[in-house]
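Let me begin by presenting the structure, written as structure tokens, before commenting on it.
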Amino acid sequence: METFNKPRQRRSRIYSSEARVAYICLIPAFLGLIFLTYLPLLGVLGISMTNWTGLTKPEFIGLHNYIKIFTTDPYIKESIIATIYFAILSVVGSMIYSLFIAILLNRKIPARGFFRAVFYVPFVLPAAAIYVGWSWLYEANFGFFNYLLSEIGLNKVLFIADSRYVVPSLSLISVWLAGNLIVIFLAGLQNVPVVYHEAAEMDGANGWKRFRHITLPSISPIIFYNLLMSLIANLQVVTPALSLTNGGPGNSSRFMTYLMYDQAFVNYKLGYACATTFIIFAILAGFTAVLFKTSNRWIFSEGGDDK
């Protein structure tokens with residue numbers, strides 16, 4: 001009997017030592033979460049309940065900043081609408097664009113490596129250079145896009161000077177910058193088992209059916225990851241407004257993060273800015289929670305474990 005128990009005891013000791021090593025390796029991650037995420041978040045919440053300019057002693061005022069934001073702030077409603085509108089356009093557009101480009105780059109085409117680099121480069125370019133370049137493209141009188149419109153007999157468009165077009169125009173830049181999503185989609189597509197496509201093709205499935213019933217389910221975890229990262233990034237957008245529009249025309253591109261920046265570094269209302277930041281966090285948390293809650297309905301798992 002002891003002979004049979006010895007291998008079991010040996011395996012138990014191995015598992016316990018592996019678990020100990022795993023816990024030790026997780027310590028830096030926990031420390032990072034605590035000191036770089038949770039403590040700063042608590043700090044923002046604490047400052048949001050004060051009347052602090054950064055130069056004077058903080059004065060505790062409770063929920064006054066939040067009440068003021070939702071009752072007397074003239075920008076908050078338009079800012080929330082503009083932020084969500086921009087995020088929806090950017091996320092949907094970048095997901096479709098990046099998946100389409102990744103599918104094309106996954107094919108055996110000449111100079112495939114060169115084209116992969118070309119589509120990834122915009123993601124790593126300096127933001128200031130990117131937005132200066134796009135400002136030339138969007139220029140009302142001599143911009144390249146308006147030149148093309150005039151060549152085909154259409155009226156010129158005030159891309160970033162018209163409240164109707166400014167958010168879609170800024171979203172187009174965000175879609176163009178989705179090189180990181182292309183790379184991740186490409187890695188996911190290369191891991192789709194070829195035998196699945198071969199079997200479906202032998203059964204008479206056309207390209208669309210293979211894409212819908214094989215490719216999409218196989219890369220659904222990648223879709224979820226890209227969707228989550230894109231949503232988080234685009235709900236915190238600030239660079240286009242700072243570089244191109246300064247929140248205009250009117251308040252049509254005064255995004256939440258731009259509103260926070262304006263309050264903190266222009267008006268020196270750090271408590272008020274932190275309250276705005278916590279509202280941004282609440283919106284992010286809400287969208288993320290909905291995404292996680294609905295993910296088990298469409299994410300495919302090879303093991304069949306839906307838990």
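The values are calculated or read from the model by the stated rules, or taken from the named source; none is laboratory data. Since the structure is predicted, the reported quantities are computational estimates derived from the model, not experimental observations. Using ideal geometry, Cβ is built from the backbone for each residue, glycine included, and neighbour counts are taken over all protein chains shown. All accessible areas refer to the heavy atoms of the entire protein, side chains included, with ligands and DNA or RNA removed. Shrake-Rupley method; radii C 1.70, N 1.55, O 1.52, S 1.80 Å.
Total residues in segment 26-58 satisfying the condition of being closer than 15 Å to Lys269 by Cβ, hydroxyl-bearing (Ser, Thr, Tyr) and either touching a strand residue (DSSP E or B) at 6+ places or on another chain (Cβ under 7 Å) or free of Cβ contacts under 8 Å to residues at least 40 places away in the same chain (or both): the figure is 2.
The C-beta contact set for segment 180-204 (first residue among the aromatic types (Phe, Trp, Tyr), second residue not in a helix (DSSP H, G or I), distance under 9 angstrom, 6+ apart or interchain) comprises Phe185/Asn106; Phe185/Ile219.
Take the residues in segment 185-196 that are touching a helix residue (DSSP H, G or I) at 6+ places or on another chain (Cβ under 7 Å) and open to solvent by less than 50 Å² (accessible area, probe 1.4 Å); name whichever of them is nearest to Pro249 (Cα to Cα).
Phe185
Looking for something in contact with a Leu (Cβ under 7 Å, 6 or more places away or on another chain), part of a helix (DSSP H, G or I), closer than 17 Å to Phe255 by Cβ and at pLDDT 90 or above - is there at least one such residue anywhere in segment 173-183? Looking through segment 173-183, none of the residues is in contact with a Leu (Cβ under 7 Å, 6 or more places away or on another chain), part of a helix (DSSP H, G or I), closer than 17 Å to Phe255 by Cβ and at pLDDT 90 or above.
Just to be sure before I move on: is Leu158 out of contact with any strand residue (DSSP E or B) (no Cβ under 7 Å at 6 or more places or on another chain), part of a helix (DSSP H, G or I), open to solvent by 70 Å² or more (accessible area, probe 1.4 Å) and farther than 27 Å from Pro217 by Cα in the structure I sent? Step through it out loud before you land on a result.
Details: out of contact with any strand residue (DSSP E or B) (no Cβ under 7 Å at 6 or more places or on another chain): yes; part of a helix (DSSP H, G or I): no; open to solvent by 70 Å² or more (accessible area, probe 1.4 Å): yes; farther than 27 Å from Pro217 by Cα: yes.
No: the conditions fail for Leu158.
Here Gly143 passes the criteria (1) free of Cβ contacts under 8 Å to residues at least 24 places away in the same chain; (2) buried (at least 16 other Cβ atoms within 10 Å of the Cβ); (3) among the small types (Gly, Ala, Ser); (4) under 26 Å from Ile280 (Cβ atoms) except the one numbered (4).
One line per residue, one yes/no per condition, for (1) at pLDDT below 90; (2) farther than 19 Å from Tyr75 by Cα; (3) out of contact with any Phe, Trp or Tyr (no Cβ under 7 Å at 6 or more places or on another chain):
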{"residue": "Glu201", "(1), (2), (3)": "yes, yes, yes"}
{"residue": "Ala205", "(1), (2), (3)": "yes, yes, yes"}
{"residue": "Thr215", "(1), (2), (3)": "no, yes, yes"}
{"residue": "Tyr225", "(1), (2), (3)": "no, yes, yes"}
{"residue": "Ala233", "(1), (2), (3)": "no, yes, yes"}
{"residue": "Phe255", "(1), (2), (3)": "no, no, no"}
{"residue": "Tyr261", "(1), (2), (3)": "no, no, yes"}
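Quickly run through segment 81-97 and pick out the residues that are of a type in the set (S, T, N, Q) and closer than 15 Å to Phe287 by Cβ. Give the derivation first.
Filtering segment 81-97 down to residues of a type in the set (S, T, N, Q) leaves 83, 90, 94.
Residues satisfying the conditions are Thr83, Ser90.
Remark: pairs (first residue in segment 102-115, farther than 15 Å from Asn191 by Cα; second residue modelled with pLDDT under 85 and among the hydrophobic types (A, V, I, L, M, F, W, C); Cβ separation under 9 Å; 6+ apart in sequence or on different chains) = Phe115/Ile109.
A quick yes/no check of all residues on (1) closer than 19 Å to Ile173 by Cβ; (2) over 18 Å from the mean Cα position of the chain (by Cα); (3) among the basic types (Lys, Arg); (4) open to solvent by 50 Å² or more (accessible area, probe 1.4 Å):
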| site | (1), (2), (3), (4) |
| --- | --- |
| Glu78 | no, yes, no, yes |
| Gly93 | yes, no, no, no |
| Leu105 | no, yes, no, no |
| Lys108 | no, yes, yes, yes |
| Pro122 | yes, no, no, no |
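Would you call Leu170 open to solvent by less than 30 Å² (accessible area, probe 1.4 Å) and closer than 30 Å to Ser218 by Cβ? Taking the combined requirement at face value, the residue does not satisfy it. The set of residues from segment 120-147 being hydrophobic (A, V, I, L, M, F, W, C) and more than 23 Å from Ser94 (Cβ to Cβ) comprises Ala140, Phe142. Sub-7 Å Cβ pairs linking a first residue in segment 59-72 that is on the phi > 0 side of the Ramachandran plot to a second residue that is aliphatic (A, V, I, L, M) and part of a loop (DSSP other than H, G, I, E, B), at least 6 apart or interchain, are Gly62/Met49, ordered by first then second residue.
Within segment 35-59, if we keep just the residues that are of a type in the set (Phe, Trp, Tyr) and exposed (fewer than 13 other Cβ atoms within 10 Å of the Cβ), the residue that is nearest to Phe281 (Cα to Cα) turns out to be Tyr38.
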